[in-house]
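Novice: Here it is, the structure in full.
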Amino acid sequence: MKYVTLTIDGQKITVPEDYSIIQAAKELNIEIPALCYDPNLEVVSACRLCIVEIEGSKKLETSCSVKVREGMVVNTETERVVNARKDILQLLLDSHPNDCLTCQKAGECLLQKYSYRYNVRFREHDGAMRPKLIDTSSPYILKDNSKCILCGKCVRTCSQIKGEREVLAFAKRGYNTQIVLDDDQSFETSKCVSCNRCVTVCPVGALVDKRVLGKTRVWEAEVKTVSCKVCAYGCEFEVLSKKNKNIAVRAKSPSNGRPLCLKGRLTTELMYLHNPDKPYRKIGKKFVESSWTKTLGLSDIIEKIDKIEEK
Ligand code: SF4
Ligand code: SF4
Ligand code: SF4
C-alpha cells in the first residue's frame, strides 16, 4: 500500500493513497459535514455539503469523491466553503417542515446538527413545502417524505443485499422526486422485510423506527449496545433505557456486511425489554398481529419439546 502526505487545515497527515479527503480529515478529527456520504456505501456526491477548497483548483470539490494526492493542500472551512454550505442547507430548510420540536430524530438529525453549526434557519425564503406523504402502514417503520432530503442512503443500503431486497428507489423528477417502495407501494404491500437497514442510515426524520416513536427523546435515554444471538453475524442493536427500565430496541448500522433482520431485532426485544410491544408478521401483503412463538418461528420447537416432555 502506498501512502501520501497532504495538509488539511494547516495540519500534515499521511494516509493510504486510496483515501478520500473526507477520510483523511477524519484521521485529524476534522469533521467535514456530509448528508449523503457513508463510508460503507457507494459514493454519490449528491448533497455537496462536503465541499472543500483545494489549492490550485478553481472550483470547490466534494471531499467524499476526491482522492488524496501527495502535497495536496486542503482547506475545509474557508469563507467561500462556509457560504456555499449555508446556501445548500438553506435550500433544504426552505422546503422542510419546521417540526424539530416533535420529530423523533431531533438530537441526532444531521440536518439539524449542521444547520445549528452554520446558523441556518427554517424558511428564510418561501419555498414550496415538500408534500406530506406519510406511510404508516408498517408497525416497524414510519416514512415521512416531507422530511426526506433525497440523500439516497436508504436506496443504496436496501440494495446492498442484491436480489433479495432492492425495495427502495428514486421516482419522479425535479421537485417531485421522492423515494418509493417497489414502484409506489407501501411498506405493507411492498416486498420490504422490515430489516430496518434503511432506518439506521437515514440522516433525518424521514425514516424512523416506529417501535421507538414517542417512548423517549434520544438525549433522555441511556443506550447500551448488544449483539444479536440469533445467528453468527451477531448484528448490533441498541437497547434504550429510562429510569433503569429497558424501553426500546433499535438496529445499529449494518456495516461490515451484517444483514440485520426482523427476527434478530424481535428476539433482542424479547430478551431485553420489560414490556415489548406486540410482534407483527407480514402475511401476504398484510401486517398481522401475531404471537411471539409464531413470529420467531418457535412453534415447531415448542411442540417438539412438549412431545418429548410428555414421553
Ligand atoms: S428531520 Fe431533522 S430538521 Fe427535520 S424536523 Fe426532524 S429533527 Fe428537525
Ligand atoms: S426495511 Fe429493509 S427491506 Fe425494507 S425498505 Fe428498509 S432496507 Fe429495504
Ligand atoms: S428517506 Fe432518509 S435516507 Fe432515504 S433519501 Fe430520504 S433522507 Fe435520505
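Novice: When you scan the stretch 126-140, do you find a residue that is within 11 Å of ligand 3 (Cβ to nearest atom) and either within 21 Å of Phe237 (Cα to Cα) or of a type in the set (Phe, Trp, Tyr) (or both), even just one?
Specialist: no
Novice: Could you tell me whether Val226 is surrounded by 15 or more Cβ atoms within 10 Å (Cβ to Cβ), of a type in the set (Val, Ile, Thr) and modelled with pLDDT of 95 or more?
Specialist: Yes; evaluated as a whole, the condition is true for this residue.
Novice: In this structure, is Gln160 open to solvent by 40 Å² or more (accessible area, probe 1.4 Å), within 14 Å of ligand 3 (Cβ to nearest atom) and more than 18 Å from Cys195 (Cα to Cα)? So that I can check it myself, show each step before the final result.
Specialist: Numbers: open to solvent by 40 Å² or more (accessible area, probe 1.4 Å): yes; within 14 Å of ligand 3 (Cβ to nearest atom): yes; more than 18 Å from Cys195 (Cα to Cα): no.
So Gln160 does not fit the description; no.
Novice: Next up: Determine whether Lys263 is within 29 Å of Ile134 (Cβ to Cβ), touching a residue at least 40 places away in the same chain (Cβ under 8 Å) and open to solvent by 60 Å² or more (accessible area, probe 1.4 Å).
Specialist: No, not satisfied.
Novice: Report whether or not Lys191 is more than 30 Å from Ser115 (Cβ to Cβ), within 8 Å of ligand 2 (Cβ to nearest atom) and at pLDDT below 95.
Specialist: It is true that Lys191 is more than 30 Å from Ser115 (Cβ to Cβ), within 8 Å of ligand 2 (Cβ to nearest atom) and at pLDDT below 95.
Novice: From the set of residues in the stretch 202-215 that are outside any loop (DSSP other than H, G, I, E, B) and within 13 Å of ligand 1 (Cβ to nearest atom), which is nearest to Leu240 (Cα to Cα)?
Specialist: That would be Val208.
Novice: Take the stretch 163-194 and flag every residue that is of a type outside the set (D, E, K, R), within 18 Å of Ser253 (Cα to Cα) and open to solvent by 30 Å² or more (accessible area, probe 1.4 Å).
Specialist: If the condition is that a residue be of a type outside the set (D, E, K, R), within 18 Å of Ser253 (Cα to Cα) and open to solvent by 30 Å² or more (accessible area, probe 1.4 Å), then Val193 is the only one that fits.
Novice: A follow-up question, please. Where residues in the stretch 92-112 are loosely packed, with under 15 Cβ neighbours inside 10 Å and free of Cβ contacts under 8 Å to residues at least 24 places away in the same chain, which of them is nearest to ligand 2 (Cβ to nearest atom)?
Specialist: The extreme case among them is Thr102.
To keep it simple, each residue is scored yes or no on (1) within 8 Å of ligand 2 (Cβ to nearest atom); (2) in a helix (DSSP H, G or I); (3) within 15 Å of the chain's Cα centre (by Cα); (4) over 26 Å from Lys113 (Cα atoms).
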residue: Pro131; (1), (2), (3), (4): no, no, no, no
residue: Ser146; (1), (2), (3), (4): no, yes, no, no
residue: Arg165; (1), (2), (3), (4): yes, no, no, yes
residue: Asp183; (1), (2), (3), (4): no, no, no, yes
residue: Thr200; (1), (2), (3), (4): no, yes, yes, no
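Novice: Now a separate question. Which ranges mark the strands (runs of 3 or more DSSP E) fully within the stretch 1-102 that have 1 or more residues being among the acidic types (Asp, Glu)?
Specialist: 51-54
The values are calculated or read from the model by the stated rules, or taken from the named source; none is laboratory data. No experiment lies behind these values; they were computed from the predicted model shown. All Cβ positions, glycine included, derive from the backbone under ideal geometry; neighbour counts span all protein chains shown. Accessible surface areas use protein heavy atoms only, side chains included; no ligands, DNA or RNA. Shrake-Rupley method; radii C 1.70, N 1.55, O 1.52, S 1.80 Å.
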